[in-house]
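The values are calculated or read from the model by the stated rules, or taken from the named source; none is laboratory data. Small disclaimer: the values here were computed from a predicted structure and weren't measured. Ideal geometry is used to build each Cβ from the backbone, glycine not excepted, and the neighbour counts take in all protein chains shown.
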Amino acid sequence: MAKNDTQMNVKDFMIGAAVGVAVGAAIAYLTAPKAGKEVRNDINRKIDYVRDKGQKIVLDVKTQSTDMIGKMAEVKDKVQNKLTSIKENVEEGVTEFKINDELEEENEIYTLK
């Protein structure tokens, strides 16, 4: 069996287990010896809790994403600056090489005369 098949089977199992737990919890709440009002209150509290947790997770992800985007922009700027510096150094080296080459050619011309 391929690695992806194993990963997919584990993923499917985990999804099935989560759904099973949720269905089991719902059945347990609905069949528990509590008054309907108490069950509805419990369910509403759990829904509020899950919604609040979800909102907190979304906020955390947004914050982390914003931080990561900022860090990526900083790295991009540093890389661009470094590449610009390298390009300038190469251009200076090429110019210097051309000047030295021209001077050598002039020296050869003068020494041949």
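For Lys34, are the conditions met, namely being assigned to a helix (DSSP H, G or I) and basic (Lys, Arg)?
Criteria not met by Lys34.
From the set of residues in segment 38-89 that are within 22 Å of Ala28 (Cβ to Cβ) and polar (S, T, N, Q), which is surrounded by the fewest Cβ atoms within 10 Å (Cβ to Cβ)?
From segment 38-89, those within 22 Å of Ala28 (Cβ to Cβ) are 38-51, 53; that's our starting set.
Of the ones still in play, those that are also polar (S, T, N, Q) are 41, 44.
On the way: Asn41: 12, Asn44: 10.
Here the answer is Asn44.
How many residues does segment 64-113 contain that are at pLDDT below 75 and of a type in the set (A, V, I, L, M, F, W, C)?
Count: 6.
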